[in-house]
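Peer 1: Pasting a structure here, questions to come.
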Amino acid sequence: MDDVVIVGGGHNGLVAAAYLARAGKSVRVLEKLPHAGGAAVSASPWEGVDARLSRFSYLVSLLPDRIVADLGLNLALRSRAASSYTPDGAAGLLVERSPGEATKASFQAVCGSLGDWERWQRWYADLELMAGALAPTLLQPLVSREHLRAHVDAVAGGRVWEQVFERPIGATLQELFENDLVRGVVATDALIGTHSSLQSLRANKCFLYHVIGNGTGEWRVPVGGMGAVTAELERVAREAGARIVTGAEVTSVESDGKTASVTYGDTTVEARFVLSNVAPSVLGRLRGEEVHDEPGCQLKINMLLRRLPELKSGVDARLAFAGTFHLDESYDRLETAYRESAAGQVPSVLPGEMYCHSLTDPSILGPSLAGHETLTLFGLHLPASLFEGRNAELRDELVGRYLDQLNAHLVEPVQDCLAVDARGKPCIEARTPLDLEAELGLPGGNIFHGELDWPFAENDDEVGKWGVETDVDNVFLCGAGSRRGGGVSGIGGHNAARAVLERS
């Protein structure tokens, strides 16, 4: 009998495996794919092309330094040269990584005054104080809402708690900022992987996790791509003694609260504990329950370019694409896109954002690709339901539309900059929610495994627990679907390991 069987070899499962194996537990990780890593992998989608793209998940913010130090991970996470650029007429809004005079001048040009610039500085200073207070609690047992609020209020003041936790983020942004474009740039952090109006507190949860990562909220590029992160996690888990079995699709999980059995292929193993690194709805089905999936809502487009295209605004493309390039993401356009997609229509204007990771980490491109650059686009408000019955057709249509919207800001069409693979085909691929479900097993393509949760106990019974518990004493969540899960963080894996060790 194993001490622990972990269902799913994504990054959270590997984190849990490493902690538990180091504590002397016998650990078996079961991964249905031919490799560990889940959505946090590096790969080239194109034949004969020496590139290691972060093909699915792509940036790191929530991974705590403490986990890196605890596990002895050899990782390099680099800051991007700019925070964001949003094209707007003759110039656009440029936000430096450490906003200074260039950002100030950009706000003046876009807004016609410095009011929003001053409010921006105060807002993000307050958020950084909140992040510093909240980030360490993500690796601790759950406390009550009131306790956490008092903790945040003591550091950042009561206004911040109300703005982020109590009032819809949309209402907060409409009150804080006058310019619609500025509101939209802030609002996108509330919508990554989340199909919601900005007038819903559901968006607030997404916003919260996007701005508190590691106490700063900065999203960094992993050197070597996302695969470098999971390769390190796999290394330390194996070195600690964890057994990682790939090509092992789990078909059932049973438990009486004391002993569990897990079946994969023709093999059934028993364990004292089971950790689920798959979505909660997947775990439910493995246990024979009727469950509801929470589908995803995004399109991911990966490209390899022979060169970055020039911008009509004259802004240096190597600066504009180094951070987050916001495409048609003003506040009003974001809300319109949500309303249209919620009504079952493809948005009339597609909001999205782009990143050129190779500007920050050239190592992901081989020597034969000198001078080339990657470009990744993440499209919002495209729920899985839109793709049902026409996945390939709509995928191709959206790729064309997104490129057309980007081309409106370019001196030359981005299609003219695309590299080609060994067969002479353009190096561009797209993945819809239905593609992610088929390839990775994410229900409905939801990158968070379901709706995100607040990072506090919802009731008195949860206080002191880890947010990973299920209705069975020896079955725990350890993935993105755990409370405080979501994103490439390892937090779910850490907290599940702690829960097991407390009961061992």
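Peer 1: Among 202-208, 66-72, what's the highest-first ranking by average C-beta atoms within 10 angstrom per residue?
Peer 2: Highest mean packing first, the order is 202-208, 66-72.
Peer 1: Turning to a different aspect of this structure: So with the 1.4 Å probe, I'd like the accessible area per residue for the chain, rounded to whole Å².
Peer 2: 37 Å²
Peer 1: Using a Förster distance of 60 Å, how high is the FRET efficiency between D266 and T216, based on the Cβ-Cβ distance and rounded to 0.05?
Peer 2: Using R0 = 60 Å, I get an efficiency of 0.80.
Peer 1: Would you tally the net charge around G490, using a Cβ to Cβ cut-off of less than 15 Å, leaving G490 out, and scoring K and R as +1, D and E as -1?
Peer 2: +3
Peer 1: Bins of 5 Å, beginning at zero and ending with the bin holding the largest distance: percent of Cα pairs per bin for the stretch 405-453, please.
Peer 2: The distribution over the stretch 405-453 is 5, 17, 14, 11, 14, 15, 15, 7, 2, 0, given as percents.
Peer 1: Not counting ligands, DNA or RNA, and with a 1.4 Å probe, what is H409's accessible surface area in Å² rounded to the nearest 10?
Peer 2: Roll a 1.4 Å probe over it and H409 shows about 50 Å².
Peer 1: Write down the radius of gyration of the stretch 219-328 and its Dmax, each obtained from C-alpha positions, in Å.
Peer 2: Computed over the Cα atoms of the stretch 219-328, radius of gyration and Dmax are 21.8, 65 Å.
Peer 1: When you count, for each residue, the other Cβ atoms within 10 Å and take the mean per peptide, how do 333-340, 185-192, 114-121, 420-427 rank with the highest first?
Peer 2: Highest to lowest by the protection proxy: 185-192, 333-340, 114-121, 420-427.
Peer 1: Separate question: Measuring from centroid to centroid over Cα atoms, what is the spacing of the stretch 339-379 and the stretch 47-84 in Å?
Peer 2: Centre-to-centre distance over Cα atoms comes out at 16 Å.
Peer 1: If you don't mind, another one. Could you tell me what percent of the accessible area of the stretch 113-219 is made up of carbon and sulfur, with a 1.4 Å probe and every protein chain present?
Peer 2: Carbon-and-sulfur percentage of accessible area, whole number: 50.
Peer 1: If you build the Cα gyration tensor of the stretch 6-84 and take the root of 5 times each eigenvalue, what three semi-axes come out, in whole angstrom, biggest first?
Peer 2: 26, 20, 10
Peer 1: Then there's this: Looking at the chain only, what percent of DSSP beta bridges run antiparallel? Nearest 5 please.
Peer 2: Counting only bridges with both partners in the chain, antiparallel ones make up about 70 percent.
Peer 1: Any idea what % of Cα-Cα pairs in the chain are farther than 41 Å?
Peer 2: Beyond 41 Å sits 17 percent of the P(r) for the chain.
Peer 1: If you don't mind, there's one more thing I want to ask. What value, in deg cm²/dmol to 500, does the helix sum -39500 (n - 2.57) over DSSP H runs of n ≥ 4 give at 222 nm once divided by the residues of the chain?
Peer 2: The per-residue figure over the chain is -10000 deg cm²/dmol.
Peer 1: Just how many % of Cα pairs in the stretch 269-421 lie over 22 Å apart, if you round to the nearest whole percent?
Peer 2: Cα-Cα pairs of the stretch 269-421 separated by over 22 Å account for 53 percent.
Peer 1: Hey, if you put +1 on the Cβ of every Lys and Arg and -1 on every Asp and Glu Cβ in the stretch 113-219, which of Q121, T172, G193 ends up farthest toward the positive end of that dipole?
Peer 2: Selected residue: G193.
Peer 1: A further question on this structure: Within the chain, how many lysine pairs that are 8 or more places apart, or on different chains, have C-alpha atoms less than 22 Å apart?
Peer 2: 7
Peer 1: For the stretch 332-455, list log₁₀ I(q)/I(0) at each q in 0.11, 0.13, 0.19 Å⁻¹, using the Debye formula over Cα point scatterers of equal strength and ignoring solvent, two decimals each.
Peer 2: With one equal scatterer per Cα and no solvent, log10 I(q)/I(0) is -0.48, -0.67, -1.25.
Peer 1: I've got another one for you. Could you order peptides 489-502, 375-388 by the average number of other Cβ atoms within 10 Å of their residues, highest first?
Peer 2: Listed from highest to lowest mean packing, they are 489-502, 375-388.
Peer 1: Could you give the distance between the Cα centres of the stretch 424-491 and the stretch 135-151, to the whole Å?
Peer 2: 20 Å
Peer 1: Quick one: dipole size for the chain, taken about the Cα centre, charges +1 on Lys/Arg Cβ and -1 on Asp/Glu Cβ, in debye to the nearest 20.
Peer 2: The calculation lands at about 1040 debye.
Peer 1: Find how much the distance from A109 to D256 grows on full extension, using 0.36 nm per residue of separation minus their present alpha carbon separation; answer in nm with one decimal.
Peer 2: 46.4 nm
Peer 1: Quick one: in the stretch 113-219, what % of C-alpha pairs are over 22 Å apart?
Peer 2: Counting every Cα pair in the stretch 113-219, those more than 22 Å apart make up 27 percent.
Peer 1: Also: Any chance you could check the Cα centroid distance between the stretch 235-285 and the stretch 184-231 for me, in angstrom?
Peer 2: Between the Cα centres of the stretch 235-285 and the stretch 184-231 lies a distance of 29 Å.
Peer 1: List the residues whose amide H sits under 5 Å from the amide H of R220, counting only those 5 or more places along or on another chain, with H placed 1.01 Å from N in the peptide plane.
Peer 2: Residues meeting the criterion, in which the H sits 1.01 Å from N, are V60, S61.
Peer 1: Largest first and in whole Å, what are the equivalent-ellipsoid semi-axes of the stretch 55-141 based on the Cα gyration tensor, each being the root of 5 times an eigenvalue?
Peer 2: 32, 18, 10
The values are calculated or read from the model by the stated rules, or taken from the named source; none is laboratory data. The model shown is predicted, which means the values in this text are computed figures rather than measured ones. All Cβ positions, glycine included, derive from the backbone under ideal geometry; neighbour counts span all protein chains shown. What goes into the accessible areas is simple: the full protein's heavy atoms, side chains included, and nothing from ligands, DNA or RNA. Shrake-Rupley method; radii C 1.70, N 1.55, O 1.52, S 1.80 Å.
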